[in-house]
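The values are calculated or read from the model by the stated rules, or taken from the named source; none is laboratory data. As the structure is a prediction and not an experimental result, all values here were calculated from the model. FYI the Cβ positions are ideal-geometry reconstructions off the backbone, even for glycines, and counts take in every protein chain you see.
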Amino acid sequence: MAKRKNFPEGFKRDAVGLVRSSPDRSPTDIAHGLGIHLEALRKWGCDDRTRTRTADGGGDAGMTPGEKDELKRLRRENARLKEDNEILRKAACFARETTR
């Protein structure tokens, strides 16, 4: 049985990036050129998509950079508004208690 190779994360990301940036070359050719198995390259691609989706906060991996920036801005604004709403709710409770 062949010894299993451990590749650094940077190599994996670069290999996946090479596949994505080279539409004229097949993943098989790229894997062969890098000396890795095609299935390893496919797994790294799936892992990278999952990691990107998770880092972006969910299924927004297919968004343009402008849309991602807007989504981040809206999420920050939403969090701030929820915080403001919580403060107002507590202030209303406090005001009701002091007027009794």
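How many residues are assigned to a loop (DSSP other than H, G, I, E, B) and over 29 Å from MET63 (Cβ atoms) when one looks only at region 20-52? Outline the logic, then answer.
Initially, region 20-52 is screened for residues assigned to a loop (DSSP other than H, G, I, E, B), giving 22-26, 35-37.
This time we only want the ones that are over 29 Å from MET63 (Cβ atoms), so: 35-37.
Final tally of qualifying residues: 3.
What pairs come out if I take residues in region 20-36 that are in the same structural domain as ARG4 (by TED's automatic domain parsing) and pair them with residues that are loosely packed, with under 11 Cβ neighbours inside 10 Å and among the small types (Gly, Ala, Ser) whose C-beta lies under 9 Å away, six or more apart or interchain?
Within 9 Å, no pair qualifies.
Hey, can you tell me all the residues within region 1-19 that are part of a helix (DSSP H, G or I) and in contact (Cβ under 8 Å) with a residue 24 or more places away in the chain? Give the steps one after another, and end with the answer.
Restricting attention to region 1-19, the residues satisfying the condition of being part of a helix (DSSP H, G or I) are 9-19.
Within region 1-19, LYS12, ARG13, ALA15, VAL16, VAL19 meet the criteria.
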